[in-house]
1. Restricting attention to helices (runs of 4 or more DSSP H) lying wholly within the range 9-73, give those where 1 or more residues are hydrophobic (A, V, I, L, M, F, W, C), touching a residue at least 40 places away in the same chain (Cβ under 8 Å) and within 23 Å of GLY100 (Cα to Cα).
2. Which of the residues that make up the range 24-50 are over 26 Å from ILE67 (Cα atoms) and open to solvent by 40 Å² or more (accessible area, probe 1.4 Å)?
3. Can we say LYS121 is without any contact (Cβ under 8 Å) to a residue 60 or more places away in the chain and in contact with a Lys or Arg (Cβ under 9 Å, 6 or more places away or on another chain)?
4. If I filter the range 177-204 down to residues being farther than 30 Å from ARG51 by Cα and free of Cβ contacts under 8 Å to residues at least 24 places away in the same chain, which single residue comes out as least open to solvent (accessible area, probe 1.4 Å)?
5. Of the residues in the range 110-120, how many are in a strand (DSSP E or B) and in contact with a strand residue (DSSP E or B) (Cβ under 7 Å, 6 or more places away or on another chain)?
6. Show me the strands (runs of 3 or more DSSP E) found entirely inside the range 121-160 where at least 1 residues are more than 23 Å from ALA185 (Cβ to Cβ).
Amino acid sequence: INAEYGDKFYDFIGHQCIPKCTSENDWLAQYDEEGQTVGQFKLENPWFSKRKLKYMKQLFVSSGRTILEKYPNGKLLILPIGNLELNVSKIADFAGAYLGIPFEVLPTLETGVDNKEVWVKRGDKKRFVQARVAENGRFQINITAALQEVRYHLEQSSAYSLCVIALTKYELFEDRSDLFVAGMASGNQRIAVFSILRYDPNLTFSSEFWHDVSVVAKPMSKEKSGRLIFERSLKLLVHETMHLLGLDHCIYFECVMNGAGHLEEDFRQPMSLCPLCLRKMKLLTDFDIKLRYERLAEFYQQLGMDKEVKWVTSSYSSN
């Protein structure tokens, strides 16, 4: 790290090294990741070259230095699958400030069940998708089928779509033996889909039956639980979008790009980028870092995220 770390603007003050694993289920206890340096990111990232161009149908400027100079019409798209019960436009605005790339929210993909078959709507037509439906009415969508729908919307918006990431409150599965799958991203195809259902603190899930979901004995208020789901969804969106933009998991510092092997590990990880991952995004977008921190502080204040307000305020005031 030190060999690469030449720009004095990026400092380590206030950044903690990634903590040691405390459970065999923690991410780094399960996966021996090598990490990604800034140099590797710049050398290997296809967004810095023409490698993505053959899959895209939009204006490309070869002389551009950053992703938006190369793809001046480019946007990152959010596809809600079903009613998220969240202010998705606010999520998009936050993510745009966080990543320095504009986001757009696509129309919600309407979803339902007819005679134990799950459908999604493309225009006025229902299209049945692979899924499993329990007797109690709960259902999970096959993740390959979900990604096919995301890919369709990527192609429909090909004049400006950089990536499409879908969010849903429905659960996902891949194989019949799965209890659930949190989600999946395909960087080469520029698509991803993730479920936020398990971010709800008022729900408890069976470790044996995928369709066995119940409300906790002492649920939070709707306002408090809704805010928690919203905050967790913000972190999920920026983490997974940065994967689509070429960032690997961070193994150096506490960082929003740390891998998570389970929800408890996910929830205790910070919302902030470490100096190395911040530098990667700076190279990709050339955003003004101080202005970024100021915009994020405004969002965090509006959302009542006091810990994050303190963090970004101290970060931009020290530079």
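1. Values: elements: 27-30, 38-44, 67-70.
Those helices (runs of 4 or more DSSP H) span 38-44, 67-70.
2. First, the residues of the range 24-50 that are over 26 Å from ILE67 (Cα atoms): 24-33.
Within the range 24-50, GLU24, ASN25, TRP27, LEU28, ALA29, GLN30, TYR31, ASP32, GLU33 qualify.
3. Numbers: without any contact (Cβ under 8 Å) to a residue 60 or more places away in the chain: yes; in contact with a Lys or Arg (Cβ under 9 Å, 6 or more places away or on another chain): yes.
For LYS121, the condition - without any contact (Cβ under 8 Å) to a residue 60 or more places away in the chain and in contact with a Lys or Arg (Cβ under 9 Å, 6 or more places away or on another chain) - is met.
4. Residue satisfying both the conditions and the ranking: ASN202.
5. Narrowing the range 110-120 to residues in a strand (DSSP E or B): 111-114, 117-120.
Then keep just the ones that are in contact with a strand residue (DSSP E or B) (Cβ under 7 Å, 6 or more places away or on another chain); that gives 111-113, 117-120.
Residues in the range 110-120 being in a strand (DSSP E or B) and in contact with a strand residue (DSSP E or B) (Cβ under 7 Å, 6 or more places away or on another chain): 7 in total.
6. Details: elements: 125-128, 131-133, 139-142.
Once the strands (runs of 3 or more DSSP E) in the range 121-160 are filtered for at least 1 residues that are more than 23 Å from ALA185 (Cβ to Cβ), what remains is 125-128, 131-133.
The values are calculated or read from the model by the stated rules, or taken from the named source; none is laboratory data. What you see is a predicted model; the values in this text were computed from it and never measured. Heads up, the Cβs are rebuilt from the backbone with ideal geometry, glycines too, and the neighbour counts pull from every protein chain shown. Just the protein is used for accessible areas: all its heavy atoms, side chains included, with ligands, DNA and RNA removed. Shrake-Rupley method; radii C 1.70, N 1.55, O 1.52, S 1.80 Å.
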